[in-house]
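Let me begin by presenting the structure, written as structure tokens, before commenting on it.
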Amino acid sequence: MEKGLVIKYFNERFGSEKCSVYVSPGRINLIGEHTDYNGGFVFPGAVEQCIVAAIAPNGTNRVRAYSIDLTDYAEWEVDDKDGPDATCFRFVYGVARELTDRGVLIKGFDTVFAGDVPLGAGMSSSAALESCFAFGLNDLFADGNSVSKWDMVLAGQATEHKYIGTNCGIMDQFASVFGKKGQLMRLDCRSHEFEYFPFNPEGYRLVLVNSCVKHELAGSPYNDRRRSCERVAAAIQQLYTERKIETLRDCTWEDIEAVKSNCTAEDIRRATFVLGEKDRVLTVCDALVKGDYEKVGKQMYLTHTGLSRDYEVSCEELDYLNEVARECGVTGSRIMGGGFGGCTINLVKNGLYNDFVQTVTRRYKEKYNITPQIIDVIIGDGSRKLQ
Ligand code: GAF
């Protein structure tokens, strides 16, 4: 969505072109899945697909918001206790409240927003929306009390926890706010230290294959996974009271072995995946420095297997996409994001790219009667104001 177009919609709805336009991207993650809420490492980067929002203070205490994509409109008071019902507006409401709690004096505003981050694809459209408003509202209302980029990240994450009900980690909001063109970021989710990593794999391309399915299971399987990990960490803490175990980041393979009989087999499988994934991120970083993409790819396949068999966040369609990638000789392929549908991320040799894209499109269509969406990854910039 171009800047001109959101301004046009803003003008149609609110009768003025006086607004500021902000943008925040979705993300990819090369490796390090379900490690963020376990205090581990992640390796994301922002993408070019993003959310764009036109925002202007309206001099009242009321928020008036329009979603172009969903053709939905809502209004609420800034200090309303409950906020709007529709999820897309709850993100906006939650972020405004969270920024207020962090000292930004948010008053009424008008906004129109839209985006091209595919929904339910595991590319973090929600974090893009949260980060866009965190960045924009901070810019418009801070008036000397501006918050840091990390506060924006945390405001987005708290919105998920308190207003949406997903107990996510910080990877998605972090990637959206801090992203940089051409660079991946290795983030330590416990210390919040991170470094930019130029990503230009000579001779290879990253491509997402969107299964275009989202299996909404009963309850909240994402939160269940998190609870499994917390139970194992708590069991280890109980056994070793002299140590401080906050998350699985503080645990070793021996620790997991030691609590095997105190936890369910399912919880142990989940924890086993997380420990393996923690190591895989570090292996991938090392391999990237050496330009060893074959090694990177191997780790990606291992992650897929772990996410599918041990963490159980895959589905038939994603496993099939992974299998086809393997058969095509793709260097690395795996589920990306929270799982239960969405995309696979694939590291493909340039010479194989066309064949892979054609084959996976044809075979997925033959099997599921769905044409998968092919998305070439271009690593882009994080949250910003459009001039
Ligand atoms: C979702 C969550 F929002 C992230 O915090 C992360 O846990 C991811 O799933 C899995 O790695 O995108």
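Derivation of every value follows stated rules applied to the coordinates shown; laboratory data play no part. The structure displayed is predicted, hence computed values, not measured ones. Cβ atoms come from the backbone with ideal geometry, glycine included; neighbour counts cover every protein chain shown.
The table that follows gives values for the structure above.
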{"read-out": "Per-selection Kirkwood Rh - the stretch 163-202 (Cα, Å, 1 d.p.)", "value": "11.5"}
{"read-out": "GluC sites (Glu not before Pro) within the stretch 137-217, DSSP loop, no more than 10 other Cβ atoms inside 10 Å", "value": "Glu193, Glu202, Glu216"}
{"read-out": "Above-threshold pairs, the threshold being 19 Å between Cα atoms, out of Lys8/Lys180; Lys3/Lys385; Lys214/Lys367; Lys295/Lys349; Lys162/Lys214", "value": "Lys8/Lys180; Lys162/Lys214"}
{"read-out": "Value of Rg/Rh across the stretch 188-328 [Cα atoms, Kirkwood radius]", "value": "1.00"}
{"read-out": "Proximal aspartates and glutamates to Lys278, defined as alpha-carbon separation beneath 12 angstrom and excluding residues fewer than eight positions away on the same chain", "value": "Glu33, Asp36, Asp188, Asp250"}
{"read-out": "Degrees between helix 353-368 axis and first principal axis of the chain (Cα, 0 to 90, nearest 10)", "value": "90"}
{"read-out": "Surrounding net charge for Leu154, when Lys and Arg each add one and Asp and Glu each subtract one, Cβ distance under 15 Å", "value": "-2"}
{"read-out": "Filtered GluC sites (Glu not before Pro), the stretch 227-332: DSSP coil and at most 13 other beta carbons within 10 Å", "value": "Glu242, Glu246"}
{"read-out": "Table column - 3J(HN,Hα) (Hz), the stretch 151-159, Karplus curve with 6.51, -1.76, 1.60, x for Gly and Pro", "value": "4, 4, 4, 5, 5, x, 5, 5, 4"}
{"read-out": "The stretch 28-139: Rg to Rh, with Rh as the Kirkwood radius over Cα pairs", "value": "1.00"}
{"read-out": "Estimated dipole of the stretch 150-288 in Debye, rounded to 20 [Cβ of Lys and Arg +1, of Asp and Glu -1, Cα centre]", "value": "320"}
{"read-out": "Kirkwood Rh, angstrom, the chain [1 / mean 1/r, Cα pairs]", "value": "21.6"}
{"read-out": "0 to 90° range, to nearest 10: angle between helix 293-309 axis and the chain longest Cα axis", "value": "90"}
{"read-out": "Degrees, to the nearest 10: 3-14 long Cα axis against longest axis of the chain", "value": "50"}
{"read-out": "Leu5-Thr359 FRET efficiency (beta carbon distance; Förster radius 30 Å; 0.05 resolution)", "value": "0.25"}
{"read-out": "The chain: most fluctuating residue of Gly337, Gly15, Gly94 per GNM, C-alpha cutoff 10 Å", "value": "Gly15"}
{"read-out": "Within the chain: Cβ-based charge dipole about Cα centre, in debye rounded to nearest 20 (Lys, Arg +1; Asp, Glu -1)", "value": "440"}
{"read-out": "FRET efficiency, Ser191 to Lys290 (Cβ-Cβ, R0 30 Å, nearest 0.05)", "value": "0.75"}
{"read-out": "For Glu75, net neighbour charge (Lys/Arg +1, Asp/Glu -1) across residues whose Cβ lies under 13 Å away", "value": "-2"}
